[in-house]
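Encoded as structure tokens, the structure appears first; notes follow it.
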Protein chains: 4
Amino acid sequence: MPDHDDLMIGEFPSLPKQERAQQKRNALLESGLDLFVSNGYEQTTAKEIAAHAGVATGTFYRYFSDKRQLLMSLLEDKIDKLLPPEPSWMSGNPESLLASLLEAHNKRLSELGLQRVLPELVLKDPGLAEFLGDARRKIYSRILFGLKQAKENGLTWNDLDLEAVAWAILVLVENSHGNDKLSGKRTDFQEISKVICRMVFPPDVLEQLRVSDEKNNPKFNG
Amino acid sequence: MPDHDDLMIGEFPSLPKQERAQQKRNALLESGLDLFVSNGYEQTTAKEIAAHAGVATGTFYRYFSDKRQLLMSLLEDKIDKLLPPEPSWMSGNPESLLASLLEAHNKRLSELGLQRVLPELVLKDPGLAEFLGDARRKIYSRILFGLKQAKENGLTWNDLDLEAVAWAILVLVENSHGNDKLSGKRTDFQEISKVICRMVFPPDVLEQLRVSDEKNNPKFNG
Amino acid sequence: MPDHDDLMIGEFPSLPKQERAQQKRNALLESGLDLFVSNGYEQTTAKEIAAHAGVATGTFYRYFSDKRQLLMSLLEDKIDKLLPPEPSWMSGNPESLLASLLEAHNKRLSELGLQRVLPELVLKDPGLAEFLGDARRKIYSRILFGLKQAKENGLTWNDLDLEAVAWAILVLVENSHGNDKLSGKRTDFQEISKVICRMVFPPDVLEQLRVSDEKNNPKFNG
Amino acid sequence: MPDHDDLMIGEFPSLPKQERAQQKRNALLESGLDLFVSNGYEQTTAKEIAAHAGVATGTFYRYFSDKRQLLMSLLEDKIDKLLPPEPSWMSGNPESLLASLLEAHNKRLSELGLQRVLPELVLKDPGLAEFLGDARRKIYSRILFGLKQAKENGLTWNDLDLEAVAWAILVLVENSHGNDKLSGKRTDFQEISKVICRMVFPPDVLEQLRVSDEKNNPKFNG
DNA sequence: GATGAATGAGATTTCATTCAT
DNA sequence: GATGAATGAAATCTCATTCAT
């Protein structure tokens, strides 16, 4: 995707060296991602990645010491995308807010594309496992923190078990891709969002939040 | 596990041939499971499985055409355990009912042990993917069916999105192992159960169900 | 060379397993030696060794973890042959004594066959370098010790520099193979022996030792 | 060694092109020698040599068709140094004469530096083997010729085996480096020289030669 | 000429699977 | 049936050499 000018006509005869190398590195990264995602990490060979990127086998090793390092680069390039923005539950209609957050986060995850391979990798690479565990714990903390604030402001069910709900939200978010496989229709983030809101807010609070949001952002998302 | 009585003389022809073979097959299945779970499917070699089961490499191939087939046997042997009993939401305290269902299902899954390897396998084996998808869809249907009944009986929130909630329940159930990794404490099925119930039942219905249950099963779970 | 019965007829249908494996290991060792000697260590591939031994590539790795280990086995099997017997200079005709020692030692070295490759290996494997250096030092010590005794008994030139001569002898011995390449004729150990004796003994002592030897072993080597 | 004056402006076209090229060629030769000697021929890559010489990989191939050719150039550049000057045994004190010849020859060999790698190379390159063999035979001939003259002049032991002694001298000369590894002390060419003289000259002749030398070159080497 | 990225043949090593005993 | 040594295809990785810039 970064090489959208490959085929353009009338451009400079050549890109500066640095850039060409970068381009090749990116092609390899992208090919790696593609193949990891469609065939799995183990099933993908360095040779294949190179071929898919249109370079020779040896070139792969110019840019990456091995397959694992390419994977790590993929993760490092993208891991920050895993962190969703701190949601603010108090202002606005939490349902639509959450829905858009969900959708955005999900989009990020899809772009990352690696969800499908990570479980495989985690088993063989404890370092990676820890790395991912950390990221996950961070997201969990954010969710938990948001819930705490909401609770302290009296917005939630008053017997809300913060940790259990935070965990549930995390899991639902992490799995919101792929519920289309079950029901056949596209993932409806609006509906998931409703489900989550019902876990957190009593109906009256929810209604009230909806109304106040309507005033601030009339017809938004209408 | 390596049977050193092979060479003893004068003992009973202890096990009928058939049974000894069955025993060996089981040892292989178990070894396969152990090693798949702890090292991953790709990382486990047929030789290792055989060694772990105390038989020769070649013997592996007498009982299974290859590694994949052993895996499929594992799944077939255990896949029925994936189907939780049809839950009846209408009778009894749904929270504790659900909690025990959850716990039981989770125990089954742990025994199966393969959750950790399945994602890896699904990528390389579309047949397996379909197989597992089917099982998943079956569970989903059961949940959906139970919710439908509850809704028809006016027990649920009346704007309940059946499919979204069924999906959410499925996801929470599937992931209920491993929430201990986040919060540090053991998975609390009671709490997960509460979260789910809140998605489904309005508080008053829930209270009512709780009371009626108390009458039928006084002091249960007290 | 240990498999001299390969082609014998009328033997048992098969050798016991252990022995067959040993045979294969030996075939690999021998092939390794052959190829190392004729092509050099670096120029020889594991695949070639296997092919030369008549086995598959993988079989090589059943018996040796890699090429280097095969080499080390070769050395360990044969390194004791490097140590010549302690020569006794005082009794007998030193010239013929030395000649036969030389010839024997040379034969051992040829059997070892590795002289030609060792220099190459020593460069890349300091461990091996030390190993061989030790062996060499041991031989040097033996020679030196023999010379010392001879000197103490007043048999040698009285201004003999023991260390220089010991070194010279060692070098001549080590290189006594391959002087045929220069002169065209076969290595004449008798002549080398004479050269060495002249370095050590004055002519009169030498004559005397020759005579006394003649008495003890009349017509020997005549 | 990396010339950072490449980009300086306004300086002399400092070196004529030809000379700059020569300089680069020399840098490559030197780097090749260094690396061959310290790491071995096979273990040294063209890339390394280029990097060590401060030029690009491709430049290597402008000056040498391949690694082998660089080696051959090294040898050709230096091979004439292998030929020691024709020694004249008859005039002067042969011991000190020989000692200085030895030392000089040894210094040449050390400068050449390649003794350590040659055995490796000889195995894979019969052409090289022949080349070196020729040089060696030339030296041998010179030694032999000198001995012949000495013998004809009645200076040597009269039963001297010319060829055996010539060979011995050659071997001792070739190996005179590295006897320090055994005894610990520096190579003592004077002592080696004595050893050789004892092989060639009877003590009385030697004494006489010494005396006559003292007259011609009083206090030399004092 | 010089550069160094790119190439791809070939070496090392692993492992699913076969097969002689 | 059971055994485990043997097989060889395939993966990983290196490096001499070329070639576009």
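The values are calculated or read from the model by the stated rules, or taken from the named source; none is laboratory data. Computed from a prediction, not measured in an experiment: that's the story for all the values here. Backbone-built Cβ (ideal geometry, glycine too); neighbour counts: all protein chains shown.
Of the residues making up region C:36-48, those that are surrounded by 15 or more Cβ atoms within 10 Å (Cβ to Cβ) and within 14 Å of chain D (Cβ to nearest Cβ) are C:36, C:37, C:39, C:40, C:41, C:42, C:43, C:44, C:48. Only residues that are within 13 Å of DNA strand F (Cβ to nearest atom) and either closer than 29 Å to residue D:128 by Cα or within 14 Å of another protein chain (Cβ to nearest Cβ) (or both) were counted in region C:49-73, giving 7.
Residues in region A:171-179: is at least one at pLDDT 90 or above, within 20 Å of residue B:201 (Cα to Cα) and among the aliphatic types (A, V, I, L, M)? Scanning region A:171-179, I find at least one residue that is at pLDDT 90 or above, within 20 Å of residue B:201 (Cα to Cα) and among the aliphatic types (A, V, I, L, M), so the answer is yes.
Can you give me the number of residues within region A:102-120 that are away from chain B (no Cβ under 14 Å) and among the acidic types (Asp, Glu)?
Of the residues in region A:102-120, the ones away from chain B (no Cβ under 14 Å) are A:103-105, A:107-112.
With the extra rule that they be among the acidic types (Asp, Glu), the set shrinks to A:103, A:111.
Adding up the residues that qualify gives 2.
Here residue D:14 does not fit the description of being at pLDDT below 95, among the polar types (S, T, N, Q) and closer than 30 Å to residue C:125 by Cα. Can you find even one residue in region D:26-41 that is at pLDDT below 95, outside any helix (DSSP H, G or I) and within 15 Å of DNA strand F (Cβ to nearest atom)? The answer is yes, given that some residue of region D:26-41 is at pLDDT below 95, outside any helix (DSSP H, G or I) and within 15 Å of DNA strand F (Cβ to nearest atom).
Screening residue A:146 with (1) farther than 21 Å from residue A:36 by Cβ; (2) surrounded by fewer than 18 Cβ atoms within 10 Å (Cβ to Cβ); (3) small (Gly, Ala, Ser) gives one miss only, at (2). Between C:150, C:164, the distinction of being out of contact with any His (no Cβ under 9 Å at 6 or more places or on another chain) and within 12 Å of chain D (Cβ to nearest Cβ) belongs to C:164 only.
One line per residue, one yes/no per condition, for (1) touching a Pro at 6+ places or on another chain (Cβ under 6 Å); (2) among the small types (Gly, Ala, Ser); (3) loosely packed, with under 15 Cβ neighbours inside 10 Å:
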position	(1), (2), (3)
D:124	no, no, no
D:130	no, no, yes
D:136	no, no, no
D:141	no, yes, yes
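Taking first residues from region D:178-199 that are more than 28 Å from residue D:144 (Cβ to Cβ) and partners that are polar (S, T, N, Q), the Cβ contacts under 8 Å between residues at least 6 apart in sequence or on separate chains come to D:180/D:187.
For region D:15-39, a residue qualifies if it is within 15 Å of DNA strand E (Cβ to nearest atom) and in contact with a Leu (Cβ under 8 Å, 6 or more places away or on another chain), and the qualifying residues are D:23, D:28, D:29. Just one of the listed residues (A:131, A:145) is more than 12 Å from chain B (Cβ to nearest Cβ) and within 16 Å of the chain's Cα centre (by Cα), and it is A:131.
Scan region C:61-79 for residues that are among the acidic types (Asp, Glu) and assigned to a helix (DSSP H, G or I) and report the count.
Within region C:61-79, the first condition is being among the acidic types (Asp, Glu), and the residues that meet it are C:66, C:76-77.
Keeping just the survivors that are assigned to a helix (DSSP H, G or I) gives C:76-77.
Total satisfying the criteria: 2.
For residues in region B:49-78 being more than 8 Å from DNA strand E (Cβ to nearest atom) and either at pLDDT below 70 or of a type in the set (S, T, N, Q) (or both), which is surrounded by the fewest Cβ atoms within 10 Å (Cβ to Cβ)? Among those that are more than 8 Å from DNA strand E (Cβ to nearest atom) and either at pLDDT below 70 or of a type in the set (S, T, N, Q) (or both), it is B:69. Going through (1) within 23 Å of residue C:193 (Cβ to Cβ); (2) facing another protein chain (nearest Cβ under 9 Å); (3) crowded, with 21+ Cβ neighbours inside 10 Å one by one, residue D:159 falls short only on (3). Just one of the numbered conditions (1) modelled with pLDDT of 80 or more; (2) farther than 13 Å from residue B:174 by Cβ; (3) among the hydrophobic types (A, V, I, L, M, F, W, C) is not true of residue B:121: (1). For region C:167-205, residues that are at the interface with chain D (Cβ under 7 Å from one of its Cβ atoms), within 16 Å of residue C:96 (Cβ to Cβ) and in a helix (DSSP H, G or I) total 5.
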